[in-house]
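This report concerns only the one structure given below.
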Ligand code: GCU
């Protein structure tokens, strides 16, 4: 299946706000996680089949301190302690990819901040099923 984009501003947001004051985002804005442990963005992603997917977060971090996130799928730990380093400016957007196991049907992919800085600004999630692709995440 082709990669599918899911905008952060359309996801479920707990302790964060949608903003649009830093250029370069896609869609209508991005999510600014509140600066605390536990703020999260949760995307609901449909998958026709169970299996691995490369999941790419487009993000910006205008600080020099990495902002780690834990990724869960339907509440199950998927990729923990993923670091999102500084991108040089809040208007510089980069991507980071993790591989997650999806179930057939509805998948709630949650990215949760694990430090008091909160998460990086989150633009979108791109989900690329890998059933016919054995390349590791980049
Ligand atoms: C600044 C910036 C926000 C960012 C925040 C943060 O306020 O404008 O976009 O989310 O810093 O440190 O999280």
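The values are calculated or read from the model by the stated rules, or taken from the named source; none is laboratory data. Please read all numbers here as calculations on a predicted model, not as lab measurements. Glycine also receives a Cβ, built like all others from the backbone with ideal geometry; neighbour counts cover every protein chain displayed.
A few notes on this one:
The rows are residues; the columns are (1) within 26 Å of residue 130 (Cβ to Cβ); (2) within 15 Å of the chain's Cα centre (by Cα); (3) in a strand (DSSP E or B).
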position	(1), (2), (3)
21	no, no, no
31	yes, yes, yes
49	yes, no, no
53	yes, yes, yes
62	no, no, no
65	no, no, no
90	no, no, no
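- So residue 53, is it surrounded by fewer than 18 Cβ atoms within 10 Å (Cβ to Cβ) and in contact (Cβ under 8 Å) with a residue 40 or more places away in the chain: no
- Any hit, region 118-132, residues being in contact with a strand residue (DSSP E or B) (Cβ under 9 Å, 6 or more places away or on another chain), part of a strand (DSSP E or B), within 11 Å of the ligand (Cβ to nearest atom) and touching a residue at least 60 places away in the same chain (Cβ under 8 Å): yes
- In the set (1) more than 18 Å from residue 106 (Cβ to Cβ); (2) modelled with pLDDT of 95 or more, residue 6 fails one condition alone, (1).
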